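Derivation of every value follows stated rules applied to the coordinates shown; laboratory data play no part. Quick caveat, the model's predicted, so the values are computed rather than measured. Cβ atoms come from the backbone with ideal geometry, glycine included; neighbour counts cover every protein chain shown.
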Amino acid sequence: MARPLDILKFWLGRLGKPGAIGAALIVASLAWNAAVVRQDEAALAHQLVKNEQARLAADARRAEAATEAVAGIDGQPALAPAAAAALRRLFDTAARNKLELSQGEYRLSVVKDAGLQRYQLSLPVGGGYPEIRAFVAQALNADPALALSGIQLRRDRIEATDLEGLLNFTLYLEPGA
């Protein structure tokens, strides 16, 4: 039976100096892959799981805020089903645009001459200008009964990319909707 040292000498003789260097590089790259790359892949997979858990928790918080708004909080009446559906669409549109809407306020009033209910929604928002603009455009396009009645945006520093703002929407619905 051949000894490992004899086998190594045989292959080094056949490969020559360039082949031996190449073989050494292959062995070194396999060792690097096993020692470093695999560990980095495991760390990356762990970080991806943590990020997904954080995203799911944020989605749960948004859903809870929307549910609280639907059920009525702080002495406010519960939202009508059509208003609740419109509010859910707003929160979903914000999530698609990677914006976080803080819990806002709403007021219900009746427009007697027109026979309409008017919900005035004030929603704090934070994010980049392109995302806020896209959110407002998509929200208005998705719901013809929704109108933007006011928008306030500010940033802490001129070079900051994130804005804080307050979006005031008005939702017009038929009574009983």
task: For every helix of n ≥ 4 consecutive DSSP H residues, a contribution of -39,500 (n - 2.57) applies; sum these over the chain, divide by its total residues, and give [θ] at 222 nm rounded to the nearest 500 deg cm²/dmol.
output: -18500 deg cm²/dmol
message: On C-alpha positions alone, give me the angle between the axis of helix 38-71 and the longest principal axis of the chain, in degrees, nearest 10.
response: 10
Dipole in debye (nearest 20) - the chain, about Cα centre, beta carbon charges: Lys, Arg +1; Asp, Glu -1: 880
query: Which three semi-axes in whole Å describe the equivalent ellipsoid of region 72-173, each the square root of 5 times a Cα gyration tensor eigenvalue, listed largest first?
result: 26, 14, 13
Simple spin-label estimate for ASP162 and ASN33 in nanometres, 7 Å along Cα-Cβ: 4.0
- prompt: Could you put THR93, THR170 in order, starting from the residue whose Cβ has the fewest other Cβ atoms within 10 Å?
  reply: THR170, THR93
query: Candidates (i) 11.0; (ii) 19.5; (iii) 10.1; which is the computed mean projected area of the Cα convex hull in nm²?
result: (ii)
task: Report, ordered by chain and residue number, the lysines lying within cross-link reach of LYS98, taken as a straight Cα distance under 28 Å and ignoring same-chain residues fewer than 8 apart.
output: LYS50
- prompt: lysines within cross-link reach of LYS17: Cα-Cα under 28 Å, excluding same-chain residues under 8 positions apart?
  reply: LYS9
Footprinting exposure proxy for ILE151, ILE21, ILE132 (fewest neighbouring C-beta atoms within 10 Å first): ILE21, ILE151, ILE132
